[in-house]
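The next block holds one structure in the form of structure tokens; read it before the comments.
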Amino acid sequence: MSLAPVRGRPPRDLEPPRDLARGWYVAGRSSHVGRRPRAAVVAGREVVLWRAGDGAAVVMDRFCPHQGAALELGRVVNGELRCTFHHWRFDGEGTCVAAPATRRVPRGASARVHPSWEGLGYVWTWVGSADPEYPPPHFPHLDKDSPAHRRYRFAFDTPAPARRVLENGFDVPHFPVVHGLADGLRLTWDTKEDPHTIAARITTDAITLPAPLDRRPGGLGRLCLHLRSTPSYQVLTFELNDRPVAHELLAVTPVAQGRTTMHGWTVVPRAGGLLGSSPVFWGYRLQHWWGTRADLRIYRDAGETDGSINTADDEGVLRFRQFHRRWTGRGDK
Ligand code: FES
Ligand SMILES: [Fe+2]
């Protein structure tokens, strides 16, 4: 069953994810939020996504505050969401602006609206506290005026918690084992600029492909993976011999406990026109798909615990978890 939140009827009565960090999460794709309201589940909370009169996406509690009808059964009329049951209408702030069957709109009648931001092809919502505590993602590689590139979007469902998805890039010892990268990867922490970001570089001087594909001494050259993560989304840049090969935005929808959807974009800069970039683009895309499948297979049956035995090589994951914990209910704020 697909876990993506805005396709078809969302599942009901889901347990909120445990240990979820406060942050910006994907509520749905922008292209799915149009003339008709759409139901979604984010962090176990049932919501409805729709567009108000000014075109802004709205993330609102799914059930009408009057008698509880599901609001995705209603319609957007003149930029207001009209409930199907008694035709109460709500504006983009959630305020009830009309209640035709009653003499007047009950004082203070409103539906709960959650903080949201639209960008990068998604509607995002802030989860975990009343107001956003850090900005939504900045990923300029998708901008029209960024250097020529090819790109693709991805989405994968997994039972793993959001934290496991986000910590994977910091898990240095899994790269040689699961993804076939050379041994001898080095992890270097970048200076922290703000409390909501953790950043590091993972480097190797000689990245190699499997033997039949790569016979050059020293392999393809130097690889550097730049990781910059918040508690809820991250940006990765892969460099080969100091040139960017791919930029990736990795975001998540924590649907509920045991249900997460990974979303994102990969942008591959063009090198030497369409033909010149095709092998790099398709090579990157294939290894990304293959590598993600390998990670997902492990996530699928992994235990929920953090594990109990760690070594110095697990520093990347441990430090990410420590950072992440500060943004959950478990950590110091
Ligand atoms: S339940 Fe929505 S208007 Fe009555
Ligand atoms: Fe991985």
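The values are calculated or read from the model by the stated rules, or taken from the named source; none is laboratory data. On a predicted model such as this, the values are computed, not experimentally measured, just so you know. Cβ placement follows ideal geometry from the backbone for every residue including glycine, while neighbour counts extend to all protein chains displayed. Note: areas computed on protein heavy atoms with side chains; ligands, DNA, RNA excluded. Shrake-Rupley method; radii C 1.70, N 1.55, O 1.52, S 1.80 Å.
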Quiz prompt | Top-ranked residue of region 74-100 - restricted to ones that are without any contact (Cβ under 8 Å) to a residue 24 or more places away in the chain and more than 8 Å from ligand 1 (Cβ to nearest atom), ranked as farthest from the chain's Cα centre (by Cα) | solution = PRO100
Quiz item: From the list ARG22, ARG29, ARG35, which residue is of a type outside the set (Gly, Ala, Ser) and either at pLDDT below 95 or within 16 Å of ligand 2 (Cβ to nearest atom) (or both)?
Solution: ARG35
Quiz item: Conditions: (1) more than 17 Å from SER229 (Cβ to Cβ); (2) within 16 Å of ligand 2 (Cβ to nearest atom). PRO147 meets all but one. Number of the miss?
Solution: (2)
Exercise. Among the residues of region 58-73, write down those that are more than 7 Å from ligand 1 (Cβ to nearest atom) and in a loop (DSSP other than H, G, I, E, B).
Key: ARG62, PRO65
Quiz prompt | Residue within region 106-122 that is among the charged types (D, E, K, R), more than 16 Å from ligand 2 (Cβ to nearest atom) and in contact with a strand residue (DSSP E or B) (Cβ under 8 Å, 6 or more places away or on another chain) present | solution = yes
Quiz prompt | Condition met for ASP242 (more than 25 Å from ALA148 (Cβ to Cβ) and either at pLDDT below 95 or open to solvent by less than 50 Å² (accessible area, probe 1.4 Å) (or both)) | solution = no
Exercise. Being open to solvent by 40 Å² or more (accessible area, probe 1.4 Å), more than 16 Å from ligand 1 (Cβ to nearest atom), touching a residue at least 24 places away in the same chain (Cβ under 8 Å) and in the same structural domain as SER30 (by TED's automatic domain parsing) narrows it down to one of SER110, SER116, so name that one.
Key: SER116
Exercise. Output the residue which, of all residues in region 151-178 that are assigned to a strand (DSSP E or B) and open to solvent by less than 50 Å² (accessible area, probe 1.4 Å), is farthest from ligand 1 (Cβ to nearest atom).
Key: TYR152
